[in-house]
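Only one structure is covered here, and it is reproduced in the block below.
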Amino acid sequence: MPTLTLQQIASRIGGYDPNALPVEQAQAFIRALVQPVLAVEQLPIRSALGRVLAGNLVSRLNVPAADNSAMDGYALRGSGLAGNADTVMRNIGTGFAGAAFAGSVGAAECVRIMTGTVMPAGLDTVVPQEFVRVDGDRVTVPAGSVRTGDNRRLKGEDLACGEVALAAGRVLRPADIGMLASLGHAEVAVRRRVRVAFFSTGNELRSVGEPLDAGSVYDSNRYTLWAMLERLGAEPIDMGVVRDDPAQLEAAFLQAAASADAIITSGGVSVGEADHTKQVMARLGDVLFWRIAMRPGRPMAIGRMSGGSGQHSGQAGGAILFGLPGNPVAVMVTFYAFVREALLAMGGAAHEPLPMLRAASSSAIRKKPGRTEYQRGFVSRAANGEWQVALGRSQGSGVLRSMSEANGLIVLHHAQGDVAAGETVDVLPFDGLI
């Protein structure tokens, strides 16, 4: 499939306006831009947690391997049960998990059986031990306590041999690792982790451990980005702080494009910025500069960056560039609004939109239609057991503490207006996200 230019992608977005781009249109643009990294590696299953399955995993076993008991009790023939009267059977032995019961069982006979034990030949029903009355080898099954086929797990009921156990694109979770082991897989083929180079721009930024001069600040964005990338399962490449110097910026972009599938920068993309970041981006790559109809995080750059002769084999046409705003909260919000989904797609993960929680706003919220707003909030249970969300104390895009204190983002959608106290709103929970 030929690689589309940014202008070709833009031409397919109805009403595309880079100076007032709705969040949904920006997300659609980025989905059309990114392509999966195709490289695959074989890993031991204990190293595969959080990785993306490279191909369909087909079961080579029936799970369970044979009909077996779903609980402790007595195995019998359902056809031998008396309709409306108690049924008395003779217990002729016991079946244990891991060993098949030897011998045949008659119509009026039963076998004591443990959970997971293979059903003796000809038997199709298990009556729980707490339902019966036992007198020596005589077992009385009360009328109506069990029906034919009850409490029996069928061969291949969970998974049939030849059935797809896990689909390609699945991000492997703890239960999936257990399933791989249950099917006898010591290793699994997964997509290579997406390599993401990132750096901050600005002469005022200092790395942790460096002294602060007058007017300088510590760079928090790189550490936040590193943590978000780690949690996402990407391979972070921290390139530090790059000064507002054309030669240094050009060298950083070329090095990043030569070694990574994606590049993330923070700062230097706002209209009227005094630095050289936008100029270098435009010179080295196919880049668009957006003003997105959102708050926080309006300025953003998107495009492809060429890596020259050292170009890696990840993205066709060059490494994908995400130029994010410089304010700490705006970095996080734009990452989760746009970059997270893109990196998952590049890693081959199946598309799974983030789940939204519906909660009643504890206060009125002012909101103008025509942009998407992400307000920091704290979700809790109300006295009636329903979810409620309270606005954080500060909504400034430079107040990183507000993200640390919150446990979710209140998402006020593009066409939405003012919110009244008690009105239900969408909330993006942080648990499992940041």
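Assorted remarks:
- Residue count, the stretch 371-403 (criterion: of a type in the set (S, T, N, Q), closer than 17 Å to residue 427 by Cβ and loosely packed, with under 13 Cβ neighbours inside 10 Å): 1
- Taken as a whole, the condition of being assigned by TED's automatic domain parsing to the domain that holds residue 118 and of a type in the set (Asp, Glu) does not apply to residue 158.
- Verdict on residue 252 being farther than 24 Å from residue 23 by Cβ, assigned by TED's automatic domain parsing to the domain that holds residue 324 and either over 30 Å from the mean Cα position of the chain (by Cα) or surrounded by fewer than 21 Cβ atoms within 10 Å (Cβ to Cβ) (or both): yes
- Candidates in the stretch 84-124 are the residues that are at pLDDT 90 or above and on the phi > 0 side of the Ramachandran plot; of these, the one that is nearest to the chain's Cα centre (by Cα) is 116.
- For residue 262, the stated conditions hold: it is among the hydrophobic types (A, V, I, L, M, F, W, C), buried (at least 23 other Cβ atoms within 10 Å of the Cβ) and modelled with pLDDT of 90 or more.
- Filtered by the rule that a residue be closer than 27 Å to residue 229 by Cβ and surrounded by 13 or more Cβ atoms within 10 Å (Cβ to Cβ), the stretch 140-178 gives 166, 168, 169, 170, 171, 172, 176, 177.
- Considering (1) assigned to a strand (DSSP E or B); (2) within 30 Å of residue 34 (Cβ to Cβ); (3) touching an Asp or Glu at 6+ places or on another chain (Cβ under 7 Å), the lone condition that residue 189 does not fulfil carries the number (3).
- Flag if residue 214 is on the phi < 0 side of the Ramachandran plot and in a helix (DSSP H, G or I): no
- Selection count, the stretch 77-93, where residues are more than 16 Å from residue 153 (Cβ to Cβ), surrounded by 13 or more Cβ atoms within 10 Å (Cβ to Cβ) and not charged (D, E, K, R): 8
The values are calculated or read from the model by the stated rules, or taken from the named source; none is laboratory data. For clarity, every value in this text was computed on a predicted model and none was experimentally measured. A quick note on method: Cβ atoms are made from the backbone with ideal geometry, for glycine too, and the neighbour counts reach across all protein chains shown.
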